[in-house]
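A quick write-up on the structure given underneath.
The values are calculated or read from the model by the stated rules, or taken from the named source; none is laboratory data. Computed from a predicted structure; not experimentally measured. In this analysis, Cβ positions are derived from the backbone assuming ideal geometry, glycine residues included, and neighbour counts consider all displayed protein chains. Each accessible area value is taken on the protein alone, full model and side chains, heavy atoms only, with ligands, DNA and RNA left out. Shrake-Rupley method; radii C 1.70, N 1.55, O 1.52, S 1.80 Å.
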Amino acid sequence: MAGNRLALITGASAGIGAEFARQYAAKGWDVALTARRLDRLDGLAREIEEKYKVSAMTISQDLARDGAADTILHELKEAGRHVDALVNNAGYGLPGTFFNTSWKEQADFIRVLYTVPIELTHKLLPGMAERDFGRIINVASLAGYAPGSSGHTLYASVKAGLIKFSESVHAEAETAGHDIHCTALCPGFTWTEFHDVNGTREMTNESPEWMWMEAAPVVKAGLEGVARGQPVVVPGMVNKGVATLTRILPEPVGRAIMKKQGKRFRKVD
Ligand SMILES: NC(=O)c1ccc[n+]([C@@H]2O[C@H](COP(=O)([O-])OP(=O)(O)OC[C@H]3O[C@@H](n4cnc5c(N)ncnc54)[C@H](OP(=O)(O)O)[C@@H]3O)[C@@H](O)[C@H]2O)c1
């Protein structure tokens, strides 16, 4: 399969990441899949190779572990592959507040959702610049637009940071004249394992159906956005409406709404 472009996708064992793998493969790209659960990754790799006739490699790695990004990049180098597209997608919600969570939990969270995406981008950009081609998608969240809430303390901060980071990298690549696009994808409620993993499924099931999207259209919007060089993509009409509201509402009103609504999807204990 030599000659195909390669997409490295973190958090590819489930949800949005697995869907990115399928949609890249459907476009004829090879994929490198990473997450902790190797059995899941291997199953997806087999499915993708059979269905799309591209190559799929798997790298089991806990991104909270020191040196995880380097290990992933080393494995790719050993396999003789360079990365044409990076999808920083791995993530989770950390229930609780800053009062009742440990520093280790918070530090791991920052590493998995913020430091590693930035590190992978930093380490892959020089090669992308040399080859004058790169596509980077940072899976952020609509939460990055909304005011901070009680519970899941750093989630909104980290996702807001990823949005700004993506805009900056995109602008820098554009200024340098490289064919490198960097996009923050900001989904709202999406049907994946996310809310099962963070224990908020029962709470979020109370949210109306129309607020939810399947992973497939979320990913499709991300791929279309990065292809056309859009620094931020908010998928779906409902999410677009919410993002617009967060920009036009007076800040105290936004915070008051978040205070009330946050109780419906943020777990504080
Ligand atoms: N679902 C939503 O409503 C929603 C909304 C907005 C944004 N997002 C964002 O979308 C991204 C993907 O989430 P999802 O909804 O697809 O959730 P998901 O179905 O739970 O998938 C999360 C992925 O992240 C991986 N992951 C988690 N911790 C990891 C670690 N320490 N090291 C390596 N991989 C790790 C998981 O793999 P392993 O467990 O196998 O390691 C899994 O592949 C996240 O960044 C999330 O914040 C989701």
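Add +1 for every Lys or Arg and -1 for every Asp or Glu among the other residues with Cβ under 15 Å from the Cβ of GLU224, and state the total.
Every neighbour counted, the sum reads +4.
Starting from the Cα of LYS53, draw a straight line to each of the aspartates and glutamates and keep only those under 17 Å, dropping any in the same chain fewer than 8 residues away.
GLU19, ASP30, ASP42
Starting at the first residue of region 7-19, write each ³J(HN,Hα) from the Karplus equation 6.51 cos²θ - 1.76 cosθ + 1.60 with θ = phi - 60°, in whole Hz, x for Gly and Pro.
For region 7-19, the Karplus curve yields 10, 8, 10, 8, x, 8, 7, 7, x, 5, x, 4, 5 Hz.
Label-point separation (nm) for GLN230 and GLN261, each offset 7 Å from Cα along Cα-to-Cβ?
Taking the simple label geometry, GLN230 and GLN261 are separated by 2.0 nm.
Give me Rg/Rg_expected for the chain, where Rg uses Cα atoms only and Rg_expected = 2.2 N^0.38 Å with N residues.
That works out to 0.98 for the chain.
Amide H neighbours of THR58 under 5 Å, at least 5 residues apart or on other chains, H built in the peptide plane: list them.
Answer set, sorted by chain and number: LEU33.
What number do you get for region 33-192 when its Cα radius of gyration is normalised by 2.2 N^0.38 Å, N = residues?
On the way: Rg = 16.6 Å, N = 160, 2.2 N^0.38 = 15.1 Å.
Here the answer is 1.10, to two decimals.
Which percent of the accessible heavy-atom area of the chain goes to carbon and sulfur, probe 1.4 angstrom? Intermediate results must be reported in sequence, preceding the final value.
On the way: 7140 of 12870 Å².
It is 55 percent, rounded to a whole number.
Tell me, what HN-Hα J-couplings in whole Hz come from the Karplus equation 6.51 cos²θ - 1.76 cosθ + 1.60 at θ = phi - 60° for each residue of region 152-157, using x for Gly and Pro?
Computed from phi, the couplings for region 152-157 are 6, 2, 8, 4, 5, 4 Hz.
So which aspartates and glutamates pass the test for LYS259, namely a Cα distance under 20 Å, with those fewer than 8 places away in the same chain ruled out?
Straight-distance partners of LYS259: GLU202, GLU206, GLU251, ASP269.
Run lengths n ≥ 4 of DSSP H only: what is the helix-derived mean residue ellipticity at 222 nm for the chain, with -39500 (n - 2.57) per run over all residues, to the nearest 500?
So the calculated ellipticity at 222 nm is -14500 deg cm²/dmol.
Run the simple label-point estimate for ALA171 and HIS82 please: 7 Å along Cα→C-beta, distance reported in nm.
2.8 nm
Each label point is 7 Å from the Cα along the Cα-to-Cβ direction; what then is the distance between the points at ALA216 and VAL268, in nm?
With each label point 7 Å from Cα toward Cβ, the separation is 4.0 nm.
Which sequence of SER157, SER166 reflects their accessible areas, 1.4 Å probe, from the largest down?
SER157, SER166
Just add up the charged neighbours of SER13: K/R +1, D/E -1, any other residue whose Cβ is under 14 Å from the Cβ of SER13.
With Lys, Arg at +1 and Asp, Glu at -1, the net is -2.
Within the set LYS27/LYS104; LYS104/LYS263; LYS164/LYS260; LYS164/LYS263; LYS51/LYS164, which residue pairs have Cα atoms separated by over 30 Å?
Those over the limit are LYS27/LYS104; LYS51/LYS164.
Would you list which lysines come within 16 Å of LYS123, measuring only between C-alpha atoms, while excluding same-chain residues fewer than 8 positions from it?
By straight Cα distance, LYS123 reaches LYS77.
What net charge do the residues around HIS152 carry, taking every other residue with its C-beta under 10 Å from that of HIS152, with Lys and Arg at +1 and Asp and Glu at -1?
Around HIS152, the charge tally is +2.
Step through the residues of region 230-241 one at a time and calculate ³J(HN,Hα) from phi using the Karplus curve (6.51 cos²θ - 1.76 cosθ + 1.60, θ = phi - 60°), rounding each to whole Hz and writing x for Gly and Pro.
9, x, 9, 10, 10, x, x, 5, 5, 5, 4, x
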